[in-house]
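Below: the structure, in structure tokens.
The values are calculated or read from the model by the stated rules, or taken from the named source; none is laboratory data. In this text the structure is predicted, and so the values were computed from the model without any measurement. Counting neighbours? That spans all protein chains shown, and the Cβs are built from the backbone with ideal geometry, glycine included.
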Amino acid sequence: MKNNTYSKAYRIIHWAIAISFLLLLVTIFLRLTWMNKNNVAAIIQNYLNGTNQTLSQDQLIVLAKRIRQPMWNWHIYLGYILTGLFAIRFSIPLSGIMKFQNPLDNNLSTKEKIQKWTYIFFYGFVIVSLITGLIIEFGPKNLKKSMEEIHILSLYYLIPFIVIHLAGVLIAEFSDQKGLISRIISGSDPEK
């Protein structure tokens, strides 16, 4: 397998997308754990118990949602950023700076075809996530619930993809593509 070199444009877009995904995962993780509306409501209730004040469970949930809203706004902003990055990512091959990854190319090995198909499926799932996120924010209210259900499924492809991607990078780095990590960071091969 040949050792690819990566243009500056490719590396910048790759790392910007990677950082955006990691930050999106942080917001999801916080929403599902510490910043879960029920956890925050319980913390508020525990505090109020010591002050002889009470709120209904519905009031506690509303207050909890308001407390965590600024954190969740970051998820939305990162979604906008990721939408822009993907628009750029798919526009760059049109300019010739970066080539399109064609999994149907007969000159590719089976391993390379599997890698390229994996990315195509990943990109497809990301596009669905981005579109559903935009519909949740800007679309008709009657679609919001169904779009949220589809959007939530994003977690089920993103984490496995990250694990597969990192495992593949490490396997490649320590087998037939030594210097891969250096090339995606600096653009140059340390062995040359």
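A compact table of results
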quantity: Candidates K113, K99, filtered to the one that is among the basic types (K, R), out of contact with any strand residue (DSSP E or B) (no Cβ under 9 Å at 6 or more places or on another chain) and not in a helix (DSSP H, G or I); calculated: K99
quantity: Residue tally, condition in a loop (DSSP other than H, G, I, E, B) and in contact (Cβ under 8 Å) with a residue 12 or more places away in the chain, over segment 21-40; calculated: 1
quantity: L55 in contact with a Leu (Cβ under 8 Å, 6 or more places away or on another chain), surrounded by 12 or more Cβ atoms within 10 Å (Cβ to Cβ) and in a helix (DSSP H, G or I); calculated: no
quantity: Long-range neighbours under 6 Å by Cβ, at least six apart or interchain, first residue touching a residue at least 40 places away in the same chain (Cβ under 8 Å) within segment 174-185, second part of a loop (DSSP other than H, G, I, E, B) and aromatic (F, W, Y); calculated: R183/Y6; I184/Y6
quantity: Residue among I67, I17, I61, I43 that is in contact with a Leu (Cβ under 7 Å, 6 or more places away or on another chain), in a helix (DSSP H, G or I) and of a type in the set (V, I, T); calculated: I17
quantity: Filter pass, L63 being modelled with pLDDT under 95 and surrounded by 13 or more Cβ atoms within 10 Å (Cβ to Cβ); calculated: no
quantity: Filter result for the condition that a residue is of a type in the set (V, I, T), closer than 24 Å to G168 by Cβ and surrounded by 15 or more Cβ atoms within 10 Å (Cβ to Cβ), over I92, I81; calculated: I92
quantity: Unmet requirement for T110, which otherwise passes all of (1) of a type in the set (S, T, N, Q); (2) surrounded by fewer than 17 Cβ atoms within 10 Å (Cβ to Cβ); (3) within 20 Å of the chain's Cα centre (by Cα); calculated: (3)
quantity: Identity of the residue in segment 133-192, of a type in the set (D, E) and surrounded by fewer than 13 Cβ atoms within 10 Å (Cβ to Cβ), that ends up nearest to I19 (Cα to Cα); calculated: E137
quantity: Boolean, I131 is modelled with pLDDT of 85 or more and more than 18 Å from H14 (Cα to Cα); calculated: yes
quantity: Residue match in segment 144-163 (condition: in contact (Cβ under 8 Å) with a residue 60 or more places away in the chain, over 22 Å from the mean Cα position of the chain (by Cα) and either more than 19 Å from L25 (Cβ to Cβ) or assigned to a helix (DSSP H, G or I) (or both)); calculated: no
